[in-house]
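Novice: Before I ask anything, here is the structure I am working with.
The values are calculated or read from the model by the stated rules, or taken from the named source; none is laboratory data. Because the structure is a prediction, the values reported are computed rather than measured. Here the Cβ is made from the backbone with ideal geometry for all residues, glycine too, and neighbour counts use every protein chain on show.
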């Protein structure tokens, strides 16, 4: 029996070769942690299937990949990471998985913020200048992340690029409105009261963007440890400056901050979400809701409410 191949079949075959994602259905996107997962879902909509390696309430610094994670990564069409040293485990995982597809760094184009690791807590080298990886905590930087994700999805799935651009523009407008709201919320807070104690130093970009000062017993990475001297110095500063806003973080051990609050008489103003989202029924199930939740808590604490 002979089969004839008509022009329509040839055209279809060429389209599938040029656009493998269309042949397989939805574009399979794997992100390193939940904030990127949410952004990719917001922009990709029904055209993407997005999953994450580090789940809700997880710690992207201390994540330990499993063989199942390697299998998960191997099936992706596109991988999105934040970069700047946040995912120190990612290179090993990519090698183990055999993944050969595109890897997009969402923080590309964000003005770099660095810190001196004075005691070597994060780098192991006292005095070394290291990048701050927590760039998404400024909403203006979050918009850069979103633009990079729009471009990445459009390149990986050109047939749906127009839709990614459309939903992406709508999402960027949401973030623009959110940034405006944040500035209005902090505008009524005296500068002397814009000081916040958190578990680790993850809100530097937020502080720079909105005129706050964040103090923490632990450095940029949750894997570093606070010294007794650091904690004592921080307690003295809280007492001297009468800092009102003391918070724990959802992805970290909360005992150290609670100890500091007990010793200073400060009240814990709630739980901030800075490196991972909450579950769907929690207070921070999306990036935008995470930022709004954090700002609402901070402003209430600064006002002594």
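Novice: Name the residue that is nearest to the chain's Cα centre (by Cα), counting only residues in region 94-108 that are assigned to a helix (DSSP H, G or I) and surrounded by 15 or more Cβ atoms within 10 Å (Cβ to Cβ).
Specialist: From region 94-108, those assigned to a helix (DSSP H, G or I) are 94-97; that's our starting set.
When the remaining residues are screened for being surrounded by 15 or more Cβ atoms within 10 Å (Cβ to Cβ), the result is 94, 96-97.
On the way: 94: 20, 96: 24, 97: 23 Å.
The extreme case among them is 94.
Novice: Could you check, for region 24-35, whether at least one of its residues is within 16 Å of the chain's Cα centre (by Cα), part of a helix (DSSP H, G or I) and at pLDDT 95 or above?
Specialist: yes
Yes/no matrix, rows are residues, columns are (1) modelled with pLDDT under 95; (2) surrounded by fewer than 22 Cβ atoms within 10 Å (Cβ to Cβ):
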{"position": "115", "(1), (2)": "yes, yes"}
{"position": "124", "(1), (2)": "yes, yes"}
{"position": "133", "(1), (2)": "yes, no"}
{"position": "140", "(1), (2)": "no, yes"}
{"position": "145", "(1), (2)": "no, no"}
{"position": "148", "(1), (2)": "no, yes"}
{"position": "172", "(1), (2)": "no, yes"}
{"position": "191", "(1), (2)": "yes, yes"}
{"position": "220", "(1), (2)": "yes, no"}
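Novice: Condition test on residue 183, is it closer than 20 Å to residue 274 by Cβ and in contact with a strand residue (DSSP E or B) (Cβ under 9 Å, 6 or more places away or on another chain)?
Specialist: Details: closer than 20 Å to residue 274 by Cβ: yes; in contact with a strand residue (DSSP E or B) (Cβ under 9 Å, 6 or more places away or on another chain): no.
Considered against the rule, which asks whether it is closer than 20 Å to residue 274 by Cβ and in contact with a strand residue (DSSP E or B) (Cβ under 9 Å, 6 or more places away or on another chain), residue 183 comes out as no.
Novice: May I pose another question? Report the residue count in region 52-83 for those that are within 16 Å of the chain's Cα centre (by Cα), under 17 Å from residue 152 (Cβ atoms) and in a loop (DSSP other than H, G, I, E, B).
Specialist: Matching residues across region 52-83 total 2.
Novice: So, of the residues in region 275-305 that are assigned to a loop (DSSP other than H, G, I, E, B) and over 21 Å from residue 43 (Cα atoms), which turns out to be modelled with the lowest pLDDT?
Specialist: So the first thing to find is which residues in region 275-305 are assigned to a loop (DSSP other than H, G, I, E, B), and the list is 275-286, 303-305.
Add one more test, that the residue is over 21 Å from residue 43 (Cα atoms), and what stays is 281-283, 303-305.
Values: 281: 96, 282: 96, 283: 96, 303: 86, 304: 77, 305: 64.
Per the stated criteria, the residue is 305.
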